[in-house]
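Engineer: Please find one structure pasted underneath; my questions will follow.
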């Protein structure tokens, strides 16, 4: 009986099929990153329709939590049972969640179905990066970096615009239904064109490790989301969540050192580059999500832009990302040198954040757009290059869990970053409003919508603009400090020759039992046999 041709580093699929699958992967990445951005501009309408203003934040938190908790599980499942089937499953779950969210009749249903979406979304990005790594070796991935960055940048800019258009002209429910044709297209493209060898594994899922990691992630995200908002930072709830995070995290490390098939192999962190780019990815998540959240707010509240114009004003971020990747991708492919790109990225993103933290009520729109161009250039250098280094740092069998770890670090960084930045922003705005004797109605809500802002007296509105400028400056000052740390970390990244198709093929050779035993002893020293 003939076997299905394997897609390996030694025998890649036909070029035409590769590009079809690449197109499907880019669609899946767009779905995962576009969802929250589209929904942002629709949330006021959703609340007006379904009610439940008090639970508004949970519409986003439920998705983020489910994504973060499921991300490492999807990566491990792909490594054990085959990336194609796992990727298709994640798309189906995401689409089911989209349909259910679209037919929600109250806020409770919407939150629950957003969690279902998040479970599928956790596998979309992980599966996308893992498939790209399976189809193209690290020595060739640089040329596709620009396309990936363009898709990510396009969703950042286009998401709010698309969400506003759909909400105004159709219904907020179409913010979810729009996923269906795109997801179906990706399903058909992957199912019919991609042919990977079937994997059968006798290994078992590390359920205890999954439970401990999920609990640690959930408690950490909840602590940073609730802290300073629903509960004081020193309240019993936040302190309890902090203790739960530490204890379950420590238990997870203990369990993973002894698990036969750990959900997160700790041995991966022995590779210096893998550890460094994971940390850089975490800090990048904080800076990126913080900027995407608070820059539009500054543009609307301080610079007087409408919601639609605020999206247009973000174009420098997108354009600079694309332009930088048009150079960086081919440079890495041609030379194999990725360290200059990540070092430059650290410098550019730090410069961008430093410039943004100096913005005030007198900063013009053109000037702020120049500042954003530095930010976008830095993001363009770091986003995909760090993923290439991640894939370069592991063997083919660990690509799934490596991509999930990289995605998880950015997801957690974004969740924690937005929560902490939001607390800093709200506190600073209220402080400035109170110091300058503004009306209590404005100081009680740090993020006024455009309708409420227009009703304020001119004097109060001017103070509020100054307060928002001070709040965003505080956020970008924190981001600048993280940028400095990320820049310092890039200097310690080692330049290693990129793996070729032959290298990937060599990684697939059967490992003798004595070598496997030696490897196990290295990963879990002192483990009883």
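The values are calculated or read from the model by the stated rules, or taken from the named source; none is laboratory data. Quick caveat, the model's predicted, so the values are computed rather than measured. Neighbour counts run over all protein chains shown; Cβ positions are idealised from the backbone, glycine included.
Engineer: From (1) within 22 Å of residue 473 (Cα to Cα); (2) part of a helix (DSSP H, G or I), pick out the condition that doesn't hold for residue 359.
Structural biologist: Single failed check for residue 359: (2).
Engineer: Looking only at helices (runs of 4 or more DSSP H) that lie completely in the stretch 15-121, which have at least 2 residues being modelled with pLDDT under 75 and over 16 Å from the mean Cα position of the chain (by Cα)?
Structural biologist: Answer list for the stretch 15-121: 15-50, 56-81.
Listed here are the residues, each with its yes/no results for (1) at pLDDT below 80; (2) in a helix (DSSP H, G or I).
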site	(1), (2)
199	yes, no
224	yes, yes
229	yes, no
239	no, yes
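Per-residue answers, yes or no, for (1) at pLDDT below 80; (2) assigned to a helix (DSSP H, G or I):
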site	(1), (2)
410	no, yes
434	yes, yes
445	yes, no
472	no, yes
502	yes, yes
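Engineer: Tell me the residue from 284, 295 that is touching a residue at least 12 places away in the same chain (Cβ under 8 Å), more than 30 Å from residue 397 (Cβ to Cβ) and crowded, with 16+ Cβ neighbours inside 10 Å, please. Can you show your working first?
Structural biologist: On the way: 284 fails: more than 30 Å from residue 397 (Cβ to Cβ).
Only one candidate passes the filter, namely 295.
Engineer: Scan the stretch 272-286 and tell me whether some residue there is more than 23 Å from the chain's Cα centre (by Cα) and assigned to a helix (DSSP H, G or I).
Structural biologist: First pass over the stretch 272-286, keeping only residues more than 23 Å from the chain's Cα centre (by Cα): none.
Looking for residues that are more than 23 Å from the chain's Cα centre (by Cα) and assigned to a helix (DSSP H, G or I), one finds none in the stretch 272-286, hence no.
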